[in-house]
Amino acid sequence: MKNRENFSDKMRVVGTRPVRPDGLDKVTGRARFSDDFHLSNILYGKVLRSPHAHARIISIDTSKAEALPGVHAVVIGSDFPLIDHQMVSQGEAGLADMRDISDNCMAKDKVLYDGHALASVAADSPHIAEEAIKLIEVEYEPLLPLMDVCSAMAVDATPIHEHFIPGAFIAPSEEYSANASTIKMGQGDLKQGFTEADHIIEREFTTETIHQGYIESHITTVNYDINGQITIWTGTQGQFEVRDNLADVLDIPVGKIKVIPLEVGGAFGGKDRIYLEPVAALLSKKTGRPVKMSMRRDEVLRATGPSPGSYIRLKMGVKSDGTLTAADVHLAYEAGAYAGGPVFLPVISCTTRYNIPNIRINGFDVIVNKPKTRPYRAPGAPQAMFAVEQVIDELAQLLGIDPVDFRMKNLTKTGDRLLPGFPCQPIDTEMMLRTVKEHEHYNAPLDGPNRGRGLAYAMWFNLGGISSARISVNSDGTVQLSTASPDMSGTRMTLSMQAAEVLGIDVREISANVSDSESIGFSMPTVGSRTTFATGIVVCEVAEEVLLQMAARAAILWEIDPEQVLVSKGLFTNLSNSNQQMSFKELAGKMHETGGPITVHSTKTAPSFIPLIGAHLVDVEVDPETGKVEILRYTAFQDVGKAVHPDYVEGQMQGAAVQGIGMALNEELFYDSEGTLKNASLLDYRMPTALDLPMIDTVILESPNPAHPYGVRGCGEMSIIPPAAALANAIHNATGVRLNSMPMAPHKVCAALNQQ
Amino acid sequence: MSTKTHVATTINGEVTEFLCEPRQSLLEVLRDVLFLTGSKEGCNDGNCGACSVIVDGVLINSCCMLGVEAQNSSVFTVESLASEGDLHPLQKAFLEETGLQCGICTPGFLMSAKALLEKHPKPDEQQIRYWLASNLCRCTGYDKIVRSVMKAADVVAEDKA
């Protein structure tokens, strides 16, 4: 087969803006999310959660709950199988001890955070189940909670876990304390680097624990049938992760579990693993009936999510000409109640967009009495960037150098050595900064008191990894596209567009679905900006193979060698007789007489560490009376390689930017000294509303990614990283004060202004 | 002993009778009794707006009203927006302007926007942002939602002209 123009610049589909296939169901209320799924004969499960942040469980008496009419089963920690210590990959979250995953789903000996699950019931209605869990009597021995990284890392801190293996989540720790593992990275000679510096700045920063804030709760329906076969219906980022983690936790064969993914009502990293599934499975096993479980909003905020709070110390040295000479970075990040937070991601990404010859980054993964952290869109990166990009800004101002020029002078470019030790894959970092500097926003006057403009620039990495895809050609020329990549924001469309581009057909001829865990090969979850990029690569390869097989069919019909078939834009031509031509549709109609249906399935591993870059510009006005920060104008720049569907790319950039704005200015989980969460509602966990924001302008840059046939880079995460730093720099330029604590809530801004 | 109350009401223009427990919210009744699952539960305490419906012309959070309170009222849910296969201009605009990503908040936004356009047929951006401030969206950053409502308002105004 000869293939022409499939991967040329002249693309018919990639880069256009068709309406998404799931859109109609979503605007009419027909889309099926987890809570919209019902089975007959169903029971409803609810969970009893600890009121203590740290306590030993002395006893649990469930007799009164079991006696309540309408209650069918109770499950507590001792119903869970005892499993061996086993480190299992959790994708972008590193490794996890499966005992910890089990204990997080249901506490056994100790509760480790406010909201930790320790008992559950299944009943005829959710209301009866709620009544029943209130009848469960638990005796606790309260223990001292450790609520922040500094107290948990103190030399005299009590270990939260009796069996803690430092560093097990990512790499063996050489140095550690009672509750913290260490990950270190560096290069050059730090002492020499600071000796060469003409100016040195050292600053400390803190950030608070925050939540992903997806609007849909955690909801799951599980049926444990009489043959021991488990079926799960849930909205998840990864049906295979739910399956595999459940198999480990319940100590049953993977083949006994089938996970059927439903629409996901927001996740952002927080729905990549299990919480309720093993509990519902055990309740279903006990009752012989399907069990549906859902968390109330306060349970979501108390027991799921969070993205870590942190303590960051940063020292940077610079020569008078603006050359960075050294950086010493201390990143202490909460892991939550179990080891394995995201700190290794900011360790590798927080400085590497600049060439700094002498550097040391010490990351600490610190166990505290808060829920086990989960990834949140570019996990851990916004917190570190809040620190690093403020110091970069301060250095530029100290030297009187334009902030873009200062960054340009130290800029990492294609081929430069990145901190993890490999060269930077192709990306046009200079184009990014040049575009910012030449942009109208950067040059527009910003007059008036208490107003300032801020810039931040960030680099992040695209996760690749394993994806599967299958394409089946129907005899009428329509095409089924199946992947295992849950669609959180339009990826059924962006994958269909890539398939349509290769196949040379109209994208509306393709029907895309997200398959269950039995119907397609293993795939990693929708995380790490990977689906349109990594799953896209497999989709393109599968589509190419479909064309090859279609060409072979044409060759049979024309009685020629398959090499004599030219394929271009959905048209098959006999090279030796160009009068013989067939469209994709015509040829599909002859599949059955040329050898039967065509179905191609493949599983591929895409490369990781594809660089992603973004820069944000923001204008603010700070009210000196109230400390409120008003955003006047916002522009996000991002290099996405190739925007498959520009509307969706803009949507990713805008949505991520606003999550970044939320964490920068308002969002914080408030814990009291006892470790109790004080704002477990969406009134008090204050996410941005439409009224808090202006339009978010976007500038899409496209420097192609050679690892993808159309040059695509993942675009989901990048734009959450720069907002906090950009806002901090803007607040400084508006008021002269630097905020070293996130969120930069009004009371903190006021306090900083008063100290001035 | 009966634990349920009989309620007669009008839902999406159709006379509807149902039995519900006094403690069940209107949202529960819509979703679990009448199987109108377009209205979503995001918080169950009136803070996210995913369950927004219009009762007797007033935009409300259906999680904060009891099912029994719907007696003799007229309730409109997202399921009422499209008529005989024709999408409402708001639905069309949300599709065309990509005013949705995950889609869980979309029904609530559509109902809030509908209530807005009934009261202010030509809203400016600030009015739209004000009326949508009781609906949380975590995916879009609101930009394309606001644009969708602007576009729909123009279409509705043109249709009336």
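Only the coordinates and a few stated rules stand behind these numbers; no lab work does. This is a predicted model, so every value here is computed, not measured. So basically every Cβ, Gly included, is an ideal-geometry build from the backbone, and we count neighbours across all protein chains shown.
Under the simplified labelling scheme, the A:ILE556-A:THR594 pair shows an inter-label distance of 0.8 nm, with each label point 7 Å from Cα along Cα→Cβ. Measuring nothing but how far apart in sequence close Cα pairs (under 8 Å, 6+ apart) lie, relative to its length, region A:252-383 scores a relative contact order of 27 percent. Cβ-to-Cβ counts within 10 Å put A:VAL699, A:VAL88 in ascending order as A:VAL88, A:VAL699, the fewest first.
For chain A, just say rounded, prolate or oblate: build the C-alpha gyration tensor, square-root its eigenvalues into a ≥ b ≥ c, call rounded for a/c under 1.5, and beyond that prolate if a/b exceeds b/c, oblate if not. Judged from the Cα gyration tensor, chain A comes out oblate (a/c at least 1.5, b/c at or above a/b).
Note on A:SER568, A:SER523: ascending count of other Cβ atoms within 10 Å places them as A:SER568, A:SER523, the fewest first. For A:ARG313 and A:GLU130, the FRET efficiency from 1/(1 + (r/R0)^6), where r spans their Cβ atoms and R0 equals 60 Å, is about 0.85. Percent antiparallel among DSSP beta bridges with both residues in the protein assembly as shown, to the nearest 5? The answer is about 75 percent antiparallel.
At a Cα cut-off below 16 Å, give the lysines reachable from A:LYS372, other chains included and same-chain residues fewer than 8 away excluded. Partners found: A:LYS108, A:LYS110, A:LYS271.
Here is the size of chain B from its Cα atoms: Rg then Dmax, 15.9, 57 Å.
Packing around the peptides A:491-504, A:199-212, taken as the average count of other Cβ atoms within 10 Å per residue, puts them in this order, highest first: A:491-504, A:199-212. Pairs of lysine residues in region B:89-160 that meet both criteria, 8 or more places apart or on different chains and Cα atoms under 17 Å apart, total 13.
With 0.36 nm allotted per residue and the present C-alpha distance subtracted, the A:ASP251-A:ARG30 stretch has 75.9 nm of extension available. Here's the picture: charge each Lys and Arg Cβ at +1 and each Asp and Glu Cβ at -1 in region B:89-160, and of B:CYS137, B:THR98, B:MET150 the one pushed furthest to the positive end of that dipole is B:CYS137.
Here the dipole of the protein assembly as shown is about 720 debye; that uses its Cα centre as origin and unit charges on the Cβ of Lys and Arg (positive) and Asp and Glu (negative).
Straight-distance candidates among the lysines for linking to A:LYS409, with alpha-carbon spacing under 28 Å and chain neighbours fewer than 8 residues away dropped: A:LYS184, A:LYS191, A:LYS315, A:LYS319, A:LYS437, A:LYS642. Contact order, relative form, for chain A: 16 percent (alpha carbon pairs under 8 Å, 6 or more residues apart, mean separation divided by residue count). Where only DSSP H runs of four or more residues are counted, chain B gives -9000 deg cm²/dmol as its mean residue ellipticity at 222 nm, each run worth -39500 (n - 2.57).
Name the residue farthest towards the positive end of the dipole of the protein assembly as shown from the options A:MET524, A:ASN666, B:HIS88, assuming +1 on Cβ of Lys and Arg, -1 on Cβ of Asp and Glu, about the Cα centre. Positive-end residue among those listed: A:MET524. For chain B, modelled as a GNM whose springs connect Cα atoms under 10 angstrom apart, the maximal fluctuation among B:LEU117, B:LEU95, B:LEU30 occurs at B:LEU95.
The packing ranking of peptides A:98-107, A:579-588, highest mean first, is A:98-107, A:579-588, where packing means the average number of other beta carbon atoms within 10 angstrom of each residue.
Just so you know, the Cα atoms of region A:641-737 work out to an Rg and Dmax of 17.2, 54 Å. Fewest neighbouring Cβ atoms within 10 Å first, the residues B:VAL53, A:VAL749 line up as A:VAL749, B:VAL53. Computed from backbone phi with θ = phi - 60° and the Karplus coefficients 6.51, -1.76 and 1.60, the 3J(HN,Hα) list for region B:146-161 is 4, 5, 4, 5, 4, 5, 4, 4, 4, 5, 4, 4, 5, 4, 6, 6 Hz; x is used for glycine and proline. The modelled label-to-label distance for the pair A:ILE42/A:GLU625, using points 7 Å beyond Cα in the direction of Cβ, is 5.2 nm. The mean number of Cβ atoms from other chains found within 10 Å of a Cβ in peptide A:644-652 is 3, as a whole number.
Charges were assigned to the Cβ only: +1 to each Lys and Arg, -1 to each Asp and Glu. The resulting dipole of region B:5-80 about its Cα centre is roughly 100 debye. Between region A:247-314 and region A:602-650, what is the C-alpha centre distance in whole Å? So the two Cα centres are separated by 29 Å.
Among B:ASN135, B:ASN72, B:ASN44, the residue with the largest mean-square fluctuation in a Gaussian network model of chain B, with springs joining Cα atoms closer than 10 Å, is B:ASN72.
Mean per-residue shielding of peptide A:296-308 is 1, counting Cβ atoms of other chains within 10 Å of each Cβ.
Between the listed residues A:LEU446, A:ALA615, A:VAL567, the Cα displaced farthest toward the positive end of the dipole of the protein assembly as shown, a dipole computed from Cβ unit charges relative to the Cα centre, is found at A:VAL567. Listed by chain and number, the aspartates and glutamates whose C-alpha is less than 20 Å from the C-alpha of A:LYS628, apart from same-chain residues fewer than 8 away, are A:GLU208, A:ASP447, A:ASP619, A:GLU667, A:GLU668, A:ASP684, A:ASP692. Placing pseudo-labels 7 Å out from each Cα toward the beta carbon at A:LEU398 and B:ASP45 gives an inter-label distance of 4.5 nm.
Phi angles of region A:744-749 translate, via the Karplus equation with coefficients 6.51, -1.76, 1.60 and θ = phi - 60°, into HN-Hα couplings of 8, 6, x, 5, 6, 5 Hz per residue; Gly and Pro are given as x. Taken as Cα centroids, region B:1-57 and region A:456-525 sit 37 Å apart, rounded to the nearest whole angstrom.
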